[in-house]
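Novice: I have a structure I would like to understand better, so I am pasting it below and will then ask my questions one at a time.
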Amino acid sequence: MEVTANKTKVSMIQGDITRQATDAIVNAANSSLMGGGGVDGAIHRAGGPAILEECKKIVARQGRLPTGKAVITTKGNLQARYVIHTVGPIWHGGSRNEAELLRSAYHECLKLATENKLASISFPSISTGAYGYPVDEAAKIAVSTAISFLKEQATSLKDIVFVLFDSRTCQSYCTALQACPNHFEA
């Protein structure tokens, strides 16, 4: 499924984010940037040691990456040109500013992509694995943040792809995109 918003294509696919050839793929990282489980572990394994080495330098320079923030690194052995690492919130029932932190994680990635003049970016479903964020709610935030970003500022981005690991998650994101207010070109 895809739509166009402000001349940028926003699409949903089921697949493996480590195989995407977009300018950047987004890593749902933990604050240590040292790899982990889920998407984070898969990206570090597929990308090889170059990504971890660059992450270590970032942490040595600025400390752990706060929730809702993002940094950009090399791609290592991946097809993408860069990896943008962001830390999504751990779900605590919605009472600890989780929605705003998740919105910030997506926004910071889009901002970094634009600052680096990237044409395409692929996102996983941030925070919905081990961090326990409800998929349907996360999908609404992800989609609305991307559409709002495209409406509010000029960007180099021509393609935003949500690469979702399983059919249930993919369906949630498609539903969120269909329900998003009509800000799309015909």
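Novice: Step through the table entries 56/111; 9/57; 7/111; 75/158; 111/140, compare each Cα-Cα distance with 28 Å, and write down the pairs that go over it. Before the final figure, lay out the partial values.
Specialist: Values: 56/111 23 Å; 9/57 34 Å; 7/111 17 Å; 75/158 20 Å; 111/140 19 Å.
Result: 9/57 exceed 28 Å.
Novice: Which of 180, 116, 29 sits closest to the plus end of the dipole of the chain, meaning its Cα is farthest towards the positive end, when Lys and Arg get +1 and Asp and Glu get -1 on the C-beta?
Specialist: 116
Novice: What list of ³J(HN,Hα) values in whole Hz, one per residue of the stretch 14-20 in order, does the Karplus curve 6.51 cos²θ - 1.76 cosθ + 1.60 (θ = phi - 60°) give from phi, with Gly and Pro shown as x?
Specialist: The phi angles translate into 9, x, 10, 4, 5, 9, 6 Hz.
Novice: Between residue 165 and residues 5 or more places away or on another chain, which pairs have amide H atoms under 5 Å apart, with H built 1.01 Å from N, and which residues are they?
Specialist: 15, 125
Novice: Which order do 34, 12 fall in if you start with the one that has the fewest other Cβ atoms within 10 Å? Walk me through the intermediate numbers first.
Specialist: Values: 34 14, 12 24.
So the residues, fewest neighbours to most, are 34, 12.
Novice: At R0 = 30 Å, how high is the FRET efficiency between residue 154 and residue 59 if r is their beta carbon distance? Nearest 0.05 is fine. Walk me through the numbers before you get to the answer.
Specialist: Numbers: r = 32 Å, r/R0 = 1.07.
Working from the Cβ atoms, E equals 0.40.
Novice: Dipole magnitude of the stretch 42-161 about its Cα centre, charges +1 at Lys/Arg Cβ and -1 at Asp/Glu Cβ only, in debye to the nearest 20?
Specialist: Values: 15 positive and 10 negative charges, 77 e Å.
Dipole size: approximately 360 debye.
Novice: Calculate the FRET efficiency for residue 16 and residue 175 from the Cβ-Cβ distance with a Förster distance of 25 Å, rounded to the nearest 0.05. Don't jump to the answer; show the numbers that get you there.
Specialist: Working: r = 22 Å, r/R0 = 0.87.
Using R0 = 25 Å, I get an efficiency of 0.70.
Novice: Give the shape of the stretch 2-179 as rounded, prolate or oblate, defined through the alpha-carbon gyration tensor: a ≥ b ≥ c are the square roots of its eigenvalues, a/c under 1.5 means rounded, and otherwise the shape is prolate if a/b is larger than b/c and oblate if not. Before the final figure, lay out the partial values.
Specialist: Values: a/c = 1.42, a/b = 1.19, b/c = 1.19.
It is rounded, given that a/c, with a ≥ b ≥ c, falls under 1.5.
Novice: Can you list the trypsin sites (Lys or Arg not before Pro) in the stretch 88-182 that are in a DSSP coil and have 15 or fewer other beta carbons within 10 angstrom?
Specialist: Values: sites: 96, 103, 111, 117, 140, 151, 158, 168; in loops: 96, 117, 158.
Sites meeting the loop and neighbour criteria: 96, 117, 158.
Novice: Between residue 31 and residue 99, what is the label-point separation in nm under the 7 Å Cα-to-beta-carbon projection?
Specialist: 2.3
Novice: Show which aspartates and glutamates lie in cross-link reach of residue 151 when reach means a straight Cα distance below 20 angstrom and same-chain residues fewer than eight apart are skipped.
Specialist: Result set, ordered by chain and number: 2, 100, 108, 115, 159, 185.
Novice: Whose amide H sits under 5 Å from the amide H of residue 122, counting only residues 5 or more places off or on another chain, with H placed in the peptide plane?
Specialist: Distant-sequence amide H within range of residue 122: 24, 25, 26, 161.
Each value in this text was obtained by applying a stated rule to the coordinates, not by laboratory testing. Given the structure is predicted, the values throughout are model-derived calculations rather than measurements. Counting neighbours? That spans all protein chains shown, and the Cβs are built from the backbone with ideal geometry, glycine included.
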